[in-house]
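Report on the following structure.
Derivation of every value follows stated rules applied to the coordinates shown; laboratory data play no part. Remember, predicted model here, so these are calculated numbers, not experimental data. With ideal geometry, Cβ positions are generated from the backbone for all residues, glycine too; neighbour counts draw on all protein chains shown.
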Amino acid sequence: MTRERILVIKLASLGDFVQAFGPFAAIRAHHPGAEITLLTTPPYAELAWRSPWFDEVWTDGRPAWTDLRGVWRLARRLRAAGFRRVYDLQTSGRSSRYRLFVGPGVEWSGIARGASHPHRNPLRDSLHTVERQREQLEQAGIRDFPPPDLSFLDDDISGLGLPERFALLVPGASPGRPGKRWPVERYAELAAGLELPVAVVGGPAEAPLAARIRARAPSARDLTGRTSFAMLAAVARRAAFAIGNDTGPTHLIAAAGCPTLALFGEESDPALCAPRGRQVAVLRHAPLASLEVAEVRVALTALLAA
């Protein structure tokens, strides 16, 4: 008997991908016997393959529109796959256009014109990502939303040389969004005043930030560029707490269950995109650059006391 084929679209970014864990789990629970394919981009392939939610992972989901061959290959692949239903969790102009690629008669959950299961809420953009996606799926007939099992987010971290107790700092953010970064000098001052050592996490580009923190707090560990997403989650489970900017790693750390204080400025709204997790607090200050270390310490104390 042929299994029904389901397509899920989630192209980027890391924070959005993490906040789609719940919808991913709900879609799998609603279609337990289906063959579910995720259309994404290369940075998230490892996370997707490790997870229990997908049978196939396609990473060619965002060819440049000027790459006519790439667009044509994707269109042919989507048309030939024979999907019965598509859950567009990206809900962008790009992903909505893909409805034309899958062909007529395919059920579509999203905001594309002509969708069989549209998300009918004119205020959808005022909802937090988690609530927006849940409402979208409810309107597509999904009622069961089991907590996502994140046990797949684990890896060997014995080679990182971490101490028994430590905190995590996430001083980076998108290079094009400098207003989302609390100044690294403030992170360094904070690290120097903590009663336990810190580990600085992020991509290779954040190595200079880690160096500046270590100059003020020599016991700090530089893990930038050394952790996969699964390793980062494993590190987060061992950490006493984390403090980070509004950036993907902060979302992943919070989802892994680490007590997390997320710092927000004017460039993003926590009401729409704050990290979610077992124990998360948000501190918003405009501009973020003027947020004092003392205020962060107070917010951290309240988080840990909760």
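Here the contact order of the stretch 158-305, divided by its residue count and restricted to Cα pairs under 8 Å and six or more residues apart, works out to 24 percent. Computed per residue of the chain from DSSP H runs no shorter than four, each worth -39500 (n - 2.57), the mean residue ellipticity at 222 nm is -10500 deg cm²/dmol. The amide H of GLU4, built 1.01 Å from its N in the peptide plane, has GLU35 as neighbours under 5 Å, considering only residues 5 or more places off or on other chains. Note that the stretch 149-161 has calculated 3J(HN,Hα) couplings of 7, 9, 5, 5, 7, 8, 6, 6, 10, 5, x, 8, x Hz, one per residue in order, obtained from phi through the Karplus relation 6.51 cos²θ - 1.76 cosθ + 1.60 (θ = phi - 60°); glycine and proline are x. Across the stretch 45-192, the mean sequence separation of Cα contacts (distance under 8 Å, 6 or more residues apart), normalised by length, yields a relative contact order of 14 percent. Computing Cα Rg over 2.2 N^0.38 Å directly from the structure and comparing it against [x] 0.95; [y] 1.16; [z] 1.06 singles out [z]. For ARG177, the amide hydrogen comes within under 5 Å of no other amide hydrogen, counting only partners 5 or more places away or on other chains and with H modelled in the peptide plane. Here the Karplus relation 6.51 cos²θ - 1.76 cosθ + 1.60, evaluated at θ = phi - 60°, turns the backbone of the stretch 106-122 into coupling constants of 8, 5, 9, 9, x, 10, 5, 4, x, 4, 6, 10, x, 7, 8, 8, x Hz, with x for every Gly and Pro. Across the chain, the mean sequence separation of Cα contacts (distance under 8 Å, 6 or more residues apart), normalised by length, yields a relative contact order of 16 percent.
GNM on the chain, alpha-carbon springs under 10 angstrom: the most fluctuating residue among PRO147, PRO104, PRO208 is PRO104.
The ranking of HIS128, HIS31 from fewest to most other beta carbons within 10 Å of each one's beta carbon is HIS128, HIS31. Taking amide H as placed 1.01 Å from N in the peptide plane, VAL57 has its amide H under 5 Å from the amide H of LEU38, each at least 5 places away in sequence or on another chain.
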